[in-house]
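Input: a single structure, listed below in structure tokens.
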Amino acid sequence: MFKINDLNYKYEKDSSALENINMDFSKGNVIGIIGSNGSGKSTLFMNLMGILKPTSGSILFKDENLNYTKKGLYNLRKGVGIVFQDPEKQIFYSKVYDDIAFSLRNIGIDEEIIKLRIREALIAVNGIDFINKPIHFLSYGQKKRVAIASVIAMENEIVLLDEPTAGLDPISTNLIIDIINTLKNKGVKIVISSHDMNLIYGICDYVYVLNKGRIIEDGKVENVFINEERIYQAGLELPWLVKLHKNMKLPLFREEKDLYKYWECSVLSTNN
Ligand SMILES: Nc1ncnc2c1ncn2[C@@H]1O[C@H](COP(=O)(O)OP(=O)(O)OP(=O)(O)O)[C@@H](O)[C@H]1O
Ligand SMILES: [Mg+2]
């Protein structure tokens, strides 16, 4: 599992993109990283993947410092998959099949198994029709779904999702939520960044709030979102279920369906 100790990262000498970051991903099964534009989320993910190297501090994966040699990074990427914020960054081959197959071939998976895994992963993202398409024929949201299929096919232990639903339509967003829940139930650890507070509130159990490269709050999801001031300080919004709790004095529901159940029970008890 990842543990980050006193990490600082500077792109340029006199300004820090990340400052004094301490994180422990064993604190939850689905970890949320939230923060406004420029708060450092993508920079953090790229540090975790070994694409960027901390200016100071350390990142431990399975109790060992990240190893930045070619072999060390190969091993890291066998265990950890990432869906980049920009799907273009992830695409190496012109055809969807070859692009997904690339990472699987790289870790020595048998061609027959590759075929099966690619089909399954594309079905999961509702993208089986893209299988033989050139990637440049796809829309932004379709490319994003192919990128997600790519990490599903890798069967990593940890999956980092940087804004996985940005630019997706509601059906695709719900598909991604289902995929995250399926991965979680299989024991895969998920780390997700998003500007969609309802999404984070719905699927995460532990959340870190970033503001200008620093962690200003962290904790269990319901405790983090109850701290309105911190959420606004980070330039974010409360999830709608938390707003109902704050403004209408309703109980704090974790899911939309809990609210409807509560409502039904209240109406029934008033009518009787
Ligand atoms: N390649 C780069 N060179 C210099 N500065 C950069 C570079 N990439 C990012 N930064 C700076 O680092 C800071 C953090 O950027 P980052 O992309 O990590 O933010 P983010 O939280 O992912 O934002 P968003 O919500 O827009 O995706 C910003 O101030 C940004 O300007
Ligand atoms: Mg980003």
statement: Within segment 46-71, residues more than 14 Å from ligand 1 (Cβ to nearest atom), modelled with pLDDT of 95 or more and either among the aliphatic types (A, V, I, L, M) or in a helix (DSSP H, G or I) (or both) come out as Ile59, Leu60, Leu66
- prompt: Applying the selection to segment 1-34, what residues are under 17 Å from Leu210 (Cα atoms) and among the aliphatic types (A, V, I, L, M)?
  reply: Ile4, Leu7, Ala17, Leu18, Ile21, Met23, Val30, Ile31, Ile33, Ile34
message: Testing Gly79 on (1) in contact with a strand residue (DSSP E or B) (Cβ under 8 Å, 6 or more places away or on another chain); (2) at pLDDT 95 or above, one condition comes back false. Which one is that?
response: (2)
Test: Glu222 is at pLDDT below 95, of a type outside the set (A, V, I, L, M, F, W, C) and either surrounded by 12 or more Cβ atoms within 10 Å (Cβ to Cβ) or more than 18 Å from Ser36 (Cβ to Cβ) (or both): yes
statement: Residues of segment 185-228 being among the polar types (S, T, N, Q), touching a helix residue (DSSP H, G or I) at 6+ places or on another chain (Cβ under 9 Å) and within 13 Å of Val242 (Cα to Cα), in sequence order, are Asn198
- line: Inside segment 89-109, the number of residues satisfying the requirement of being assigned to a helix (DSSP H, G or I) and either over 24 Å from Tyr9 (Cα atoms) or hydrophobic (A, V, I, L, M, F, W, C) (or both) is 11
query: Is there any pair linking a residue in segment 79-100 that is at positive phi to one that is assigned to a helix (DSSP H, G or I), with Cβ under 9 Å and at least six apart or on different chains, and which?
result: none
Flag if Ile113 is surrounded by fewer than 16 Cβ atoms within 10 Å (Cβ to Cβ), part of a helix (DSSP H, G or I), more than 24 Å from the chain's Cα centre (by Cα) and without any contact (Cβ under 8 Å) to a residue 24 or more places away in the chain: yes
query: Only one residue in Ile34, Ile21 is within 13 Å of ligand 1 (Cβ to nearest atom), modelled with pLDDT of 95 or more, of a type in the set (A, V, I, L, M) and in contact with a His (Cβ under 8 Å, 6 or more places away or on another chain). Which one?
result: Ile34
field: Residue ID - surrounded by the most Cβ atoms within 10 Å (Cβ to Cβ), chosen from residues in segment 148-167 that are in contact (Cβ under 8 Å) with a residue 60 or more places away in the chain, away from ligand 1 (no atom under 16 Å from the Cβ) and not hydroxyl-bearing (Ser, Thr, Tyr)
entry: Ile148
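The values are calculated or read from the model by the stated rules, or taken from the named source; none is laboratory data. In this text, all values refer to a predicted model and were calculated from it rather than measured experimentally. Glycine gets a Cβ as well: all are built from the backbone with ideal geometry, and neighbour counts include every protein chain shown.
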